[in-house]
Amino acid sequence: MIAHVVGTVVEKFGSSVIVDVQGVGYEVQVSAVDFDAAVINETMKFHTYHHVREQSQELFGFKSLVAKKLFEMLITVQGVGPKAALSILSISDTESVRNAIANSDTAYITQAAGVGKRTAERVVVDLSDKVGLAVQITRKTSNSVAANDEALEALMALGYNLADASKALEPVPNNLSTAERVTQALKG
């Protein structure tokens, strides 16, 4: 399993970028948001999901671990494959997509190419409870947890789901280093 790719973006086409990692070019399929953020000849890190099928292998990349985790949640929904999940994440930034799912906004989710009303309803039913708690915590606390928070990503890498990681970081001050915040959240 390829967990992440760090290298120079050498090409952009369609919905993919080619990342050169010490002379080896990896084609990474990305959301429209990450595609726009990718700059040719700049070094970037993509958290990747390695999708293996009988006839092919594909890498799906995300600038943030939170986006990757949301992608992994989306593909657990019946009828949502990797391309549909990437399409949903291409609508807008990760936080907006999470909010739409948490607030049962199926009209927002159907904006994704290839995602119909029934699929959007399944996404909302299956995932609103999994992403909703984090959204509610972010709105209600003065010490909110940003979607691109490194401590949040570290907790998720340790196996916490999005809601539990956000809840664990809620009482921890934002002015501490990432390592200190993670340590305090784990002690929590």
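Every read-out reported here was derived from the displayed coordinates using simple, explicitly stated rules and does not represent laboratory data. What you see is a predicted model; the values in this text were computed from it and never measured. Here the Cβ is made from the backbone with ideal geometry for all residues, glycine too, and neighbour counts use every protein chain on show.
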Among Asp129, Asp20, which comes first, then next, by fewest other beta-carbon atoms within 10 Å? Asp129, Asp20
Magnitude of the Cβ-charge dipole (Lys and Arg +1, Asp and Glu -1) of the chain about the Cα centre, nearest 20 debye, reported as 460
For the stretch 76-128, convex hull of alpha carbons as volume per residue, Å³: 63
Karplus ³J(HN,Hα) for the stretch 25-35 (6.51 cos²θ - 1.76 cosθ + 1.60, θ = phi - 60°; Hz, whole; x = Gly/Pro) runs x, 9, 8, 10, 7, 10, 6, 4, 5, 6, 4
If we restrict to alpha carbons, what Rg and Dmax does the chain come to, in Å? 16.8, 49
